[in-house]
Amino acid sequence: MKTRKRKEPRVRKSLLVDISRRGLDQMGVTVNISRRGMCVATTRVIRRRSRLRILLASGDDIYSVTGLVVWKRQKPDVQGEEAPVGLGIEIVQADPGYRKLIALLKDEQS
């Protein structure tokens, strides 16, 4: 499998997200985030190339983005069964406030 190099660094930040796909919702938490993508820890695996609507909460604000699953990671749990641990999501579309949020998070991390 060919690995893509990121075009910009990610900010390590835990933010609550609501992931919606075909009317099914699930919750998750960001592991890291950037203007172009994010890694989300969640409880259910979503297939690669799935298009998602994501609502991201930060403070009193909610940001809406559309993303595409580009990778998923699983690892065995203690019983040897597969347990989801993360989704790599490429941002396809985002509301204008999302870019401002990313800029603020980068400033906080500096």
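Values in this text are rule-based calculations from the coordinates and carry no lab data. Since the model is a prediction, treat every value here as computed from it, not as a measurement.
A few remarks follow.
- Contour excess over end-to-end distance, with Cα ends at L104 and R47 and 0.36 nm allotted per residue: 17.4 nm
- Rounded if a/c under 1.5, otherwise prolate or oblate - the stretch 11-109, Cα gyration tensor axes: prolate
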